[in-house]
Amino acid sequence: MVTPVTTSGPTRVPPTSKVLSVSSLRKAYGGTVAVDGVSFDVGRGEIVGLLGPNGAGKTTTINMVLGVLEPTSGSIHIEDVDLARQRSAALERTNFAAVYSPLPGNLTVAQNLRVFGLIYGVKSLSARIAELLEEFDLVRFRDTRCGVLSSGEQTRVALAKAMLNRPHLLLLDEPTASLDPATARDIRERIRDFASRGTGGVLWTSHNMYEVEDVCHRVLFMSHGKVLLEGDPRTLPGEHGKASLEELFIAVAREPLALERA
Ligand SMILES: Nc1ncnc2c1ncn2[C@@H]1O[C@H](COP(=O)(O)OP(=O)(O)OP(=O)(O)O)[C@@H](O)[C@H]1O
């Protein structure tokens, strides 16, 4: 289902510096190359959409940036910190939320935030949790077990968890999947607000092209493990003779080689 979007696109905040630099990143599983020499960056204050059909290599890329998967080759810098050499220093500037990675359902909202806050070594944790409960409209769910919350409520908790350590790089894998349009819009507003503060940048995957056009300053189209196209989601379709981002997406999925040659 497509979420209708009414706003006219994100306010461009010129990136002042890079929060993520990925260079010649590659991940192979035997003969299967999931990510094939990908290079890109994310600026501070910028929301970058990582797009592509199923199996393009988006999640593999995100998992390497998160330090969950080890690249076969290539480098990842979070701000100026090399993930391979200074793993803890790099990862303490990062956080993420993904639908396939729900928080433990038997813990309450407050307990989940406390556990993750302790893992991240958040200072003045009780005050930070109170702040996030307020910010993400979760005060009334503070003592509710996460497992009984609705999808939208769970997404808000996942985002609150992702903000605990005030990350400079926020990775979001389909954060609005399965949310109703009003809740999805609310989540987009919160992420836009995070980026507009100018302390961090966002790498976002989504299959909802209307949402991407609404939120992302820049998009990267992946196919078969490579970045084929990069640009402003509002002008990129026209540059490739397509009427909309959705049409361009379908072209990338169906005829990646034609676009690669273009
Ligand atoms: N552990 C693995 N072993 C072998 N192949 C893998 C492994 N993990 C991923 N792949 C393959 O790598 C490719 C990229 O997968 P990935 O999950 O990164 O794609 P994706 O773009 O995130 O797709 P989706 O939109 O469906 O989530 C796929 O062809 C997948 O089958």
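Bear in mind these aren't lab numbers, they're just calculated from the coordinates by the rules spelled out. The structure displayed is predicted, hence computed values, not measured ones. Cβ coordinates were reconstructed from backbone atoms using ideal geometry, including for glycine residues, and neighbour counts include every protein chain displayed.
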For the chain, built as a Gaussian network whose Cα springs stay under 10 Å, the top-fluctuating residue of Ile129, Ile119, Ile47: Ile119
Report the label-to-label distance for Ser126 and Ser88 in nanometres (one decimal), using points 7 Å from each Cα along the Cα→Cβ vector. 2.7 nm
As computed over region 103-166, the Cα convex hull volume per residue (Å³): 67 Å³
Using Cα-Cα distances under 8 Å and only pairs 6 or more residues apart, what relative contact order does the chain have, in percent? 28 percent
For Lys226, the residues 5 or more places away or on another chain with a placed amide H closer than 5 Å to its own amide H are Asp36
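Dipole size in debye (nearest 20) for the chain around its Cα centre, Lys and Arg Cβ +1, Asp and Glu Cβ -1?
So the magnitude is around 600 debye.
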Candidate lysines - alpha carbon under 27 Å from Lys58, same-chain residues fewer than 8 apart omitted: Lys18, Lys27, Lys161, Lys226, Lys242
The value for the chain (convex hull of the alpha-carbon atoms, volume per residue, Å³) is 129 Å³
